[in-house]
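The values are calculated or read from the model by the stated rules, or taken from the named source; none is laboratory data. All values reported here derive from a predicted model rather than from experimental measurement. All Cβ positions, glycine included, derive from the backbone under ideal geometry; neighbour counts span all protein chains shown.
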Amino acid sequence: MHCSEGQVDLAKGTWSATAGEQSFAAHEIVRGHFETGGRVYTFFTTVIEHQPLSLGLPLAIEERNHRHSGRYMVSAKNPIMVELSTPLFVAPLLRPIRDLSSTGFSFDVNLKYDLFPVGMHFSQIVISSGGQKFQCRGRIKNLTAYPGRKKTLRCGVEFEDLTEKTRVALTDFVMRSRFPGIEDGRTVGFDEWLQFFRDTGFFSPEKAAALEPLMPEVKRMYESLTARPTKLFKSVVAREGGKVVGHMSGLRAYSKTWMFHHLAALPGNNVGHLVSLGGNECFDQGEHEYFKAWFHSDVRWPNRVFGGMAKKVNDAHLSELRRYSHFVLPTTWSCEPPAGVQVIEAVGNDLSVVERHFVKSEKGLLLRADDLTRAELNLNTVNASYRTLGMQRRRRVFLALRNDTPVGIGLAEVSSPGLNLSEGLSSFRLYLIDEGIPFAADVRRALLNSLMPVYRQAGRPYALGLFPSEDAPQYVAMGFDAGKDSLCWTAHRSLYQQIFNHIERLFEVLKKRQARNLATARKNRAPA
């Protein structure tokens, strides 16, 4: 039996399934499976009542399979058709799709009439819906039996030779199918995009002043990112009356990491959850292993969404939540070189020294998520991708030495202006090696002397430093002013479904609260 709806009763420990004719009898043992967030789960339970069909909540649920990307279950009311061509067929076959993702799809086959062996190759696959068409090739990856349906199989097809443009278009199609209220952010022009962030307060006067000399480059960057679909960048927006009222975007920050950013909404429109869900769906359809989100701790929605979820996960190999203080320095800053401390740019074997420090200090997922291993320290893989769009995303590595002994590390990231409006992708960080702790202030000053020219040569009037908040007093003692703290959550993609569910639950709570407030307001306005 296929069940698409039901009702859970936690108090009774049961769930009722919406079903037509069925032959289950009370006390029988049944086996079930379901899919969510790209994972397939199986369970055993017992029948409590025959009609209406009521089942006991299973005592255990077993994960059997983890898809690379989540599947969109196609509604029978809004079918998506696929046309399959192969040399084995005289003419193309037209079938309704059962589920769809950016990596493949499935459809039902009848064993009495159909022959679809595993490994069968389709020379052409054309998917069409709502005037859109996607074309590629593919191969049958698996055949799965339906319990109780002896003559019907689920046929899973994996895409082959899918171009980047088609994959991105499919991701967008799946996202809009799941969330009809949002659309691809590439429809938003640069001036409208920037004005929206001014209206929401996201693009503050301080940020505007820092980027003002580079605004022509910021515009060029934005237009390059939105000129065509690319797997390096994705934005989603919500509109009301044709006006943008909500926005979220993400980009490839490191070789295996997607960074969510630029989450903003105009007050009173309640679309923050929608663009958050849309952004998460685009990440799920992508190829990245980790995701990252920066947010101020006093901004309510991202703190509830990302911060609330991060605090529930205690596994450092899956989730890491850190607090950073911001220090903004003019790139003209310099000081008298501290005696006895020399700074060199790390290359070759020097990068191994830097890698060993991070292997020792970063025992969780940040070692890979932030490209802190020798091969990726300079962000060569990421930079090569951005260069195809005429942009850059690099990291220069500096090593402080005292008597030829490594005592400190400076990482200076430099990206195209405006890739992140807060310039978080063009920020620097300093790290002390154990031998440098007794000389902390001198090591930091020496590193800053070497880092400031990097940003000055990049045309930046200011450089943003990000440091663990517990180190802030030491930088204040050096004469620097600490800005507002930010939180950074980094997590493995296996947590995607949990955060997706977390956002949906928050949205349901907000909807109920708004309904109560509206009812109260109407009651108060009613005449006595």
Original post:
Within the range 394-422, can you find the residues that are touching a residue at least 60 places away in the same chain (Cβ under 8 Å) and farther than 17 Å from Leu448 by Cβ?
Top reply: Asn403, Ser416, Pro417, Gly418, Leu419, Asn420, Leu421, Ser422
Original post:
If you scan the range 398-432, which residues turn out to be crowded, with 22+ Cβ neighbours inside 10 Å and among the β-branched types (Val, Ile, Thr)?
Top reply: Val407, Ile409, Val414
Original post:
Condition test on Arg460, is it touching a residue at least 60 places away in the same chain (Cβ under 8 Å), under 25 Å from Arg394 (Cβ atoms) and basic (Lys, Arg)?
Top reply: yes
Subject >> Conditions (1) in a helix (DSSP H, G or I); (2) among the polar types (S, T, N, Q); (3) surrounded by fewer than 20 Cβ atoms within 10 Å (Cβ to Cβ): number failed by Asn270 >> reply: (1)
**OP:** Starting from residues that are free of Cβ contacts under 8 Å to residues at least 12 places away in the same chain and outside any helix (DSSP H, G or I), keep the ones in the range 348-372 and report whichever is surrounded by the most Cβ atoms within 10 Å (Cβ to Cβ).
**Re:** Glu362
Original post:
Just to be sure, is Thr163 modelled with pLDDT of 85 or more, surrounded by fewer than 20 Cβ atoms within 10 Å (Cβ to Cβ), among the β-branched types (Val, Ile, Thr) and on the phi < 0 side of the Ramachandran plot?
Top reply: no
Subject >> Filter pass, Ala293 being under 16 Å from the mean Cα position of the chain (by Cα) and either over 21 Å from Ala482 (Cβ atoms) or surrounded by fewer than 17 Cβ atoms within 10 Å (Cβ to Cβ) (or both) >> reply: yes
Subject >> Pairs where the first residue, in the range 301-323, is free of Cβ contacts under 8 Å to residues at least 12 places away in the same chain and the second is crowded, with 17+ Cβ neighbours inside 10 Å and not aliphatic (A, V, I, L, M), C-beta under 7 Å, 6+ apart >> reply: none
Subject >> Search result, residues across the range 502-528 that are touching a residue at least 24 places away in the same chain (Cβ under 8 Å) and either under 19 Å from Phe260 (Cβ atoms) or of a type in the set (A, V, I, L, M) (or both) >> reply: His502, Ile503, Glu504, Leu506, Phe507, Leu510
**OP:** Please indicate, with yes or no, whether at least one residue in the range 173-194 is modelled with pLDDT under 85, outside the structural domain of Pro117 (by TED's automatic domain parsing) and in contact with a Pro (Cβ under 8 Å, 6 or more places away or on another chain).
**Re:** no
Subject >> For Asn78: the one exception among (1) among the polar types (S, T, N, Q); (2) assigned to a strand (DSSP E or B); (3) in contact (Cβ under 8 Å) with a residue 40 or more places away in the chain >> reply: (2)
Original post:
Mind checking which residues of the range 415-462 are assigned to a strand (DSSP E or B) and under 30 Å from the mean Cα position of the chain (by Cα)?
Top reply: Ser415, Ser427, Phe428, Arg429, Leu430, Tyr431, Tyr462
**OP:** Please enumerate the residues belonging to the range 119-145 that are assigned to a loop (DSSP other than H, G, I, E, B) and modelled with pLDDT of 90 or more.
**Re:** Gly119, Met120
Subject >> Matching entry among Ser85, Ser128, Ser123, Ser102 (being more than 25 Å from Cys3 (Cβ to Cβ) and touching a residue at least 60 places away in the same chain (Cβ under 8 Å)) >> reply: Ser102
**OP:** Being assigned to a helix (DSSP H, G or I) and surrounded by 20 or more Cβ atoms within 10 Å (Cβ to Cβ) is the filter here, so list the residues in the range 167-193 that pass it.
**Re:** Arg167, Val168, Leu170, Thr171, Asp172, Phe173, Val174, Met175, Gly185, Trp193
Original post:
In the range 177-193, what residues are free of Cβ contacts under 8 Å to residues at least 24 places away in the same chain and over 13 Å from Val237 (Cβ atoms)?
Top reply: Pro180, Asp191
Original post:
For the subset of the range 146-166 comprising residues that are part of a helix (DSSP H, G or I) and of a type outside the set (Lys, Arg), which member is nearest to the chain's Cα centre (by Cα)?
Top reply: Glu164
Original post:
Scanning the range 313-336 for residues that are part of a loop (DSSP other than H, G, I, E, B) and hydrophobic (A, V, I, L, M, F, W, C), which turns out nearest to Arg493 (Cα to Cα)?
Top reply: Leu318
**OP:** Go through the range 93-102 residue by residue and tally those that are crowded, with 21+ Cβ neighbours inside 10 Å and out of contact with any strand residue (DSSP E or B) (no Cβ under 6 Å at 6 or more places or on another chain).
**Re:** 1
**OP:** Mind listing whichever residues of the range 400-414 are assigned to a loop (DSSP other than H, G, I, E, B) and charged (D, E, K, R)?
**Re:** Asp404
**OP:** Answer yes or no: is there a residue in the range 244-260 that is touching a residue at least 24 places away in the same chain (Cβ under 8 Å) and part of a loop (DSSP other than H, G, I, E, B).
**Re:** yes
